[in-house]
1. Can you pull out the residues in the range B:253-271 that are touching a strand residue (DSSP E or B) at 6+ places or on another chain (Cβ under 7 Å), without any contact (Cβ under 8 Å) to a residue 60 or more places away in the chain and within 11 Å of chain A (Cβ to nearest Cβ)?
2. Name, by its number, the condition in (1) closer than 30 Å to residue B:233 by Cα; (2) at pLDDT 75 or above that does not hold for residue B:328.
3. Got a sec? Which of A:167, A:151, A:159 is touching a residue at least 40 places away in the same chain (Cβ under 8 Å), farther than 15 Å from residue A:236 by Cβ and crowded, with 22+ Cβ neighbours inside 10 Å?
4. From the set of residues in the range A:10-56 that are in contact with a strand residue (DSSP E or B) (Cβ under 9 Å, 6 or more places away or on another chain) and of a type in the set (Gly, Ala, Ser), which is farthest from residue A:75 (Cα to Cα)?
5. Scan the range A:8-22 for residues that are among the small types (Gly, Ala, Ser) and either closer than 15 Å to residue A:215 by Cα or modelled with pLDDT of 95 or more (or both) and jot them down.
6. Can you pull out the helices (runs of 4 or more DSSP H) entirely within the range B:45-101 that have at least 1 residues that are more than 30 Å from residue B:195 (Cα to Cα)?
7. Kindly list the number of the only condition in (1) modelled with pLDDT under 85; (2) within 12 Å of chain A (Cβ to nearest Cβ) that fails for residue B:345.
8. Determine if the range B:198-207 includes at least one residue that is in a loop (DSSP other than H, G, I, E, B) and in contact with a helix residue (DSSP H, G or I) (Cβ under 7 Å, 6 or more places away or on another chain).
2 protein chains.
Amino acid sequence: MSGDELRLARAYLSRVAEPPAPALAAFVTEVGPIEAAARVRAGDVPPAVDGQTSARRAEQWAERDLELVDQLGGRLLIPEDEEWPRWPFNALAIAAANGLRCGLEPLALWVRGSCDLAALTRRAVAVVGSRAASDYGQHVAGEFGFGLAGAGVTVVSGAAYGIDGAAHRGALGAGGPTIAVLACGVDMAYPAGHQVLIDRIADRGLVVTEYPPTRSPARHRFLTRNRLIAALAEGTVVVEAGRRSGAKNTAASTSALGRVLMAVPGPVTSVSSLGCHELLRSGEALPVTSVAEVLESTGRLGVDLVESTRNTDTGPPQGDAMRVFEALGLSFGFSPETISVESGVELKRVRALLPQLELAGLAERAETGWKRSQEMSWRGDT
Amino acid sequence: MSGDELRLARAYLSRVAEPPAPALAAFVTEVGPIEAAARVRAGDVPPAVDGQTSARRAEQWAERDLELVDQLGGRLLIPEDEEWPRWPFNALAIAAANGLRCGLEPLALWVRGSCDLAALTRRAVAVVGSRAASDYGQHVAGEFGFGLAGAGVTVVSGAAYGIDGAAHRGALGAGGPTIAVLACGVDMAYPAGHQVLIDRIADRGLVVTEYPPTRSPARHRFLTRNRLIAALAEGTVVVEAGRRSGAKNTAASTSALGRVLMAVPGPVTSVSSLGCHELLRSGEALPVTSVAEVLESTGRLGVDLVESTRNTDTGPPQGDAMRVFEALGLSFGFSPETISVESGVELKRVRALLPQLELAGLAERAETGWKRSQEMSWRGDT
């Protein structure tokens, strides 16, 4: 069987079936794509496959579709290609084996852009969220997109307004490639206002969809599409999500596929962060507040560890030493006896601690006794 | 032994030792407060107790101290009193038995205010955070204080500027009692700018401290004080905390005492929320975004359950029904055959689903075929 024949067969099947079509997928695995296409065309298939293909089996537009995407600088990727994202899609196969609805490998992928999909998804993180994003959410999505691209990580998202767009723009701003997964044909721009953005993504990264050319976007296609966003990335960051945001569906797919789910905290006064806080409170998502934390959460063991923001310097003296230090005069020196009474630390211990505080640069001897060192300005938040 | 004698003994011990003084506490438990006080006064104590009492054992101001707080409308609470918060302080005893530094019951508590401490702490939540709080943090602290008081829960906090003050003001605004735990004598107001607030708390709730009158605030006293805030409440909410906020110390005590630790998410762009996000990311704290969630996290089983903010209405149609619904015309009716091709759902299933959608009020018959119901305006966020 030739590569062209395979591609034509899969192009035909990709148009005929509305994904996810598990019976057809199993049939293709069983008899191979070329025989599967021929038998679907002839109506000579088991009833379950017939149910998923009878409505459109007359649409024999494979050659026309391949020509159309070729004119757009695109191509049809098939599982038989080197470039097929085998490793990322492995999670779909595992999920399917576990009977999960979100686990079904696409029959083929229509792509625009010259990058290699397998290479781009070697290190990739999905950044998703509401269309109705706040300024805060768009700012964070842009920063995350920029930072991930700067760290050599491919951003994966949809192409919607709000978080998706901000994440892509951030990644493009850092000169990084980015992947937009569409819920319609690769020949269409949805939303229309993102035509220029989608073209730039195709120039610098990849625009990907399992829908054939001219297929229009529909709500169920966004939901079906979301599993591919989750599968192509090592983890998904939900930047902002409202009560009913589709981002929560991508989040559910991410968890179902065993990938790392992350959510960005936001003001509790903002409805745009409600979905993120739900994911955090339920324990489904890890909170992430920076690109470094995203890399740490998705990274390989021993690499990408975040330097803790915790206090790592020596900080204030501890225990009795702190008590003695606190009892020291600021400008007037006190006797060890006075310091003992003020601090409640017994005199002999005060006498032992004062020279230690002096060595540490915290105390000094004045004419009238011991006082705090002039250079010592440490004063923490209580 | 009379109650007066007991109170005088504990007043004396409370001034002589700088808390936490574990050796003295053990000695008091062993020989009783009256004998302990007499022997400390005489210097006739084991070396470990001597180390914790020798510096101030000459300060025999118990009568003067009790008179002073009496003039302020205050009193000395001792473990032998009915009003002693036995149940909350049980956590301290357990922690002490486990060798934890934060687990030491105070020898006595100096209080201002006429409320009953045991009654006020029957249902109490600590609300803490940075002095250098943002407008957002102060807003949330105020809302939480107001909401908790409205739900009959006592707010416990320090008396600092920022989150502490906002939480108390919120609680007072709802007419609820509130408890301020000080790191200095009950005769002092620290910070001085909170004199009026502290007086109002004493009027309507309680001002509490383990430090005798005239003892001035010091950093180590805030840290020692924090364990009492944690112990008096069923859980602690950290509203905002910076890198070095003392609120993180209260958070650590809360966890060590086995109480519920909660943190409020905030903008990841705000340094004021950094400490909260660290607590969330490490898993030490539960995220809380509302008073209802605080009540749920600290409440008794089967009570105070939050009504989920998740979508509980029936929402959009699912699966094939959704695909058929999406393929319906908005104003022009389509034939079942057209709908089958557009949706990819086999014809006989389309024919079965259309009447179901009609019954659900989602589809209607037009002259030219099937279209979406006029009343149907549902359109989720993708």
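1. B:262, B:263, B:265
2. (1)
3. A:159
4. A:14
5. A:9, A:11, A:14, A:17, listed by residue number.
6. By residue number, B:47-53, B:86-97.
7. (1)
8. Within the range B:198-207, one or more residues are in a loop (DSSP other than H, G, I, E, B) and in contact with a helix residue (DSSP H, G or I) (Cβ under 7 Å, 6 or more places away or on another chain).
The values are calculated or read from the model by the stated rules, or taken from the named source; none is laboratory data. As the structure is a computational prediction, the values presented were derived from the model and not from experiment. Every residue, glycine as well, gets a Cβ built from its backbone with ideal geometry; the counts of neighbours run over all protein chains shown.
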